[in-house]
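The values are calculated or read from the model by the stated rules, or taken from the named source; none is laboratory data. All values reported here derive from a predicted model rather than from experimental measurement. Glycine gets a Cβ as well: all are built from the backbone with ideal geometry, and neighbour counts include every protein chain shown. SASA here: full protein model, heavy atoms, side chains in, ligands and nucleic acids out. Shrake-Rupley method; radii C 1.70, N 1.55, O 1.52, S 1.80 Å.
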Amino acid sequence: MACRIECSCSHRSGIFLFLSISVLLVASAGAQKAARPVLPKYDLQTETKFKGTIEEVKLPPKGSEKQIAHLLVKNGADTVDVYLCPKAFMDDMGMDFSKGDEISLTGSKIKQGEADLVLAREVIKGNDTFALRDAKGNPVWN
């Protein structure tokens, strides 16, 4: 009889431990999803085309290749912040940009917080055309 009580208590402890760990894992996964930055949405209504000169190439730090790379592009008197794609996708596509490069691009002008930026759909550099989003503005790297 004593063995049955010990086994029952031990079994209950195991179930309690399993449930506790499960709750912590679910809560942790939910917190990680909430911590991910919300990417701005492409808006076909604000799509524009323009040419410019790259002033600066902004790449994510090493080890963060899934983060978005962007360019500061001089267009007349304005400097435009252009969001491209994740650095890893840029590398896969063989995209290489440098300060002083002349580019043409199609993208959506949007606001993120107080900042104005352009989400690039297509970038043309010389004879190379890079399609970053489909005709509806959905990223092609997903």
Seminar exercise, completed: Note on the range 90-108: residues surrounded by 15 or more Cβ atoms within 10 Å (Cβ to Cβ) and modelled with pLDDT of 95 or more are 97, 101, 103, 105, 106, 107, 108
Exercise. Could we say that residue 137 is open to solvent by 50 Å² or more (accessible area, probe 1.4 Å) and of a type in the set (Gly, Ala, Ser) here?
Worked result: no
Seminar exercise, completed: Out of (1) more than 15 Å from the chain's Cα centre (by Cα); (2) open to solvent by less than 40 Å² (accessible area, probe 1.4 Å), the one residue 85 does not meet is (1)
For this session: Would you confirm whether any residue within the range 50-63 is in contact (Cβ under 8 Å) with a residue 12 or more places away in the chain and outside any strand (DSSP E or B)?
Result: yes
